[in-house]
């Protein structure tokens with residue numbers, strides 16, 4: 001981190017600052033005492049005050065018990081950001097923003113000193129912690145920005161100060177909080193509103209709800225028009241950038257990840273990086289945990305562990321990938337509730353079930369009170385359970401050698417317990 005003087009930290013962050021006798025500056029910021037390195041500032045969040053002694057034992061320069069943890073972290077992140085000359089690319093969208101961030105970071109690292117959010121450190125805690133990883137020689141920060149309602153992206157941008165933006169797509173997510181897909185577009189467009197004049201922004205061509213929020217003083221790259229998917233035959237990916245076709249080999253097989261890669265390549269090109277060398281970082285693409293992890297099952301079976309979150313768009317994409325991946329294998333989809341969809345939630349669940357029926361999924365296990373909507377009559381075998389542990393119990397009698405299994409649902413359903421439980425299931 002670009003060092004912050006402890007006196008300045010005390011001015012920025014009302015609260016109790018306790019200094020090590022040897023320290024006059026902090027060279028990092030952490031909220032988990034187990035991750036403290038020498039010179040770090042340990043910021044207490046929630047009930048973390050009991051771990052201050054542990055932080056000092058690990059070499060912390062100071063500990064801070066702030067009056068308002070979110071405000072303190074925002075102030076710290078903003079102070080580091082103000083000292084950095086790095087270009088900051090903000091990424092948001094309804095689906096695919098974490099994977100797009102992961103792909104873009106891998107493509108850029110061979111060309112610029114690049115940092116990006118860990119996993120999904122993309123909200124009130126994660127964004128300032130990411131900003132506090134900026135070093136004096138950092139050239140590019142790729143910053144994922146999440147929201148759960150109107151105004152939240154604007155609040156993050158106020159101290160992150162992005163210089164360019166990416167919106168992956170607009171889809172029906174968080175409808176309980178923003179009311180409609182138009183509300184989603186309004187919330188995501190807060191990133192565009194925060195950009196300086198003449199900044200570039202990557203946006204989806206097929207998102208009419210976003211059009212009213214496009215500022216005329218920005219430079220746009222439209223995915224689906226200016227940059228397009230030409231061919232995806234794993235591992236080969238071909239992307240058209242205007243009249244140029246960029247070829248690269250990628251370490252994934254899912255078509256929805258290919259769509260994320262097109263968005264990432266559009267951003268890569270907008271950064272002015274050499275399109276002919278885009279493939280140099282492709283082999284190092286690594287997705288954050290629980291985003292389509294593919295794991296072996298007995299008898300040549302495979303598990304797609306895609307439990308980070310779910311919405312109608314990502315559910316359909318995951319089901320399509322399951323069918324593509326399965327080949328001749330039997331397909332088993334374990335689908336949890338999709339959260340925050342508002343009064344139309346039953347319809348969205350029924351639509352996903354209809355898609356599973358259309359795709360020819362062999363077995364569906366619905367997990368949760370809304371998951372009965374997944375049980376389309378065209379699906380040969382269906383089951384409805386209340387919780388993830390009950391889904392594991394059901395799999396004990398359902399699963400066979402060689403099955404291709406998808407596990408997916410919203411975070412509230414804690415579907416990761418199903419993937420963990422599959423290691424304890426004896427298949428037929």
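With an 8 Å Cα cut-off and a minimum separation of 6 or more residues, compute the relative contact order for the chain in percent.
Result for the chain is 12 percent.
Largest first, please: the extent of the C-alpha atoms of segment 153-229 along each principal axis, to the nearest Å.
Largest first, segment 153-229 extends 34, 33, 20 Å along its Cα principal axes.
Can you tell me the 0 to 90 degree angle between the C-alpha axis of helix 345-359 and the longest principal axis of the chain, rounded to 10?
50 degrees
Using only alpha carbon pairs under 8 Å that are at least six residues apart, calculate the relative contact order of segment 4-69 and give it in whole percent.
It rounds to 37 percent for segment 4-69.
Report the calculated FRET efficiency for residue 206 and residue 67 (r = Cβ-Cβ distance, R0 = 35 Å), to the nearest 0.05.
0.15
Ranked highest first by the average count of other Cβ atoms within 10 Å around their residues, in what order do 175-185, 206-216 fall?
175-185, 206-216
Considering all alpha-carbon pairs of segment 293-424, what whole percent are spaced by more than 27 angstrom?
7 percent
Can you compute the helix-only [θ] at 222 nm over the chain? Use -39500 (n - 2.57) per DSSP H run of at least 4 residues, normalise by all residues, nearest 500 deg cm²/dmol.
Computed ellipticity for the chain at 222 nm equals -9000 deg cm²/dmol.
Dividing the Cα radius of gyration by the Kirkwood radius, what Rg/Rh value follows for segment 4-69?
0.91
Sorted by average packing, counted as other Cβ atoms within 10 angstrom per residue and highest first, what order do 221-232, 100-111 take?
Peptide ranking by packing, descending: 100-111, 221-232.
Work out the FRET efficiency for residue 347 and residue 37 from their Cβ-Cβ distance, taking R0 = 45 Å, and round it to the nearest 0.05.
0.35
For an R0 of 30 angstrom, estimate the FRET efficiency from the Cβ-Cβ distance between residue 177 and residue 275 and round to the nearest 0.05.
Once rounded, the FRET efficiency stands at 0.20.
May I ask for the Kirkwood hydrodynamic radius of segment 229-296, worked out over all distinct Cα pairs and given in angstroms to one decimal?
12.5 Å
Quick one: plug the Kirkwood hydrodynamic radius of segment 313-368 (C-alpha pairs) into Stokes-Einstein at 4 °C, 1.567 mPa s, and report D in µm²/s.
Estimated via Stokes-Einstein, D reaches 110 µm²/s.
For the Cα atoms of the chain, what angle does the longest principal axis make with the long axis of helix 388-398, in degrees from 0 to 90, nearest 10?
Tilt of helix 388-398: around 30 degrees.
What is the Rg over Rh value, at two decimals, for segment 257-324, using alpha-carbon atoms and the Kirkwood definition of Rh?
Value, to two decimals: 1.06.
How many angstrom lie between the C-alpha centres of segment 161-181 and segment 11-44?
If you average the Cα positions of each part, the centres end up 34 Å apart.
Just check segment 84-284 against the gyration tensor rule for me: Cα atoms, a ≥ b ≥ c as the square roots of the eigenvalues, rounded for a/c under 1.5, and otherwise prolate or oblate depending on whether a/b exceeds b/c.
It comes out oblate by the Cα gyration axes.
Measuring from centroid to centroid over Cα atoms, what is the spacing of segment 391-420 and segment 243-280 in Å?
With segment 391-420 and segment 243-280 each reduced to a Cα centre, they are spaced 33 Å.
Give me the percent relative contact order of segment 84-284, please, defined on Cα pairs under 8 angstrom at least 6 residues apart.
Relative contact order of segment 84-284: 23 percent.
For Rg and Dmax of the Cα atoms in Å, which listed value, (i) 25.8, 87; (ii) 22.7, 70; (iii) 21.2, 62, comes from the coordinates shown?
Matching entry in (i) 25.8, 87; (ii) 22.7, 70; (iii) 21.2, 62: (ii).
Which angle between 0 and 90 degrees, to the nearest 10, do you get for helix 255-270 versus the longest principal axis of the chain when only C-alpha atoms count?
Helix 255-270 sits at roughly 30 degrees to that axis.
Give me the one-decimal nm value for the distance between modelled label points at residue 24 and residue 148, 7 Å along each residue's Cα-to-Cβ direction.
It is 4.2 nm.
When you count, for each residue, the other Cβ atoms within 10 Å and take the mean per peptide, how do 355-367, 284-296, 65-77, 46-58 rank with the highest first?
In decreasing order of mean packing, 355-367, 284-296, 65-77, 46-58 become 355-367, 65-77, 284-296, 46-58.
Every number in this text was worked out from the coordinates using simple rules, so none of it is lab data. Fair warning: this is a prediction, and the values are worked out from it, not measured in the lab. We place every Cβ from the backbone using ideal geometry, glycine too, and count neighbours over all the protein chains shown.
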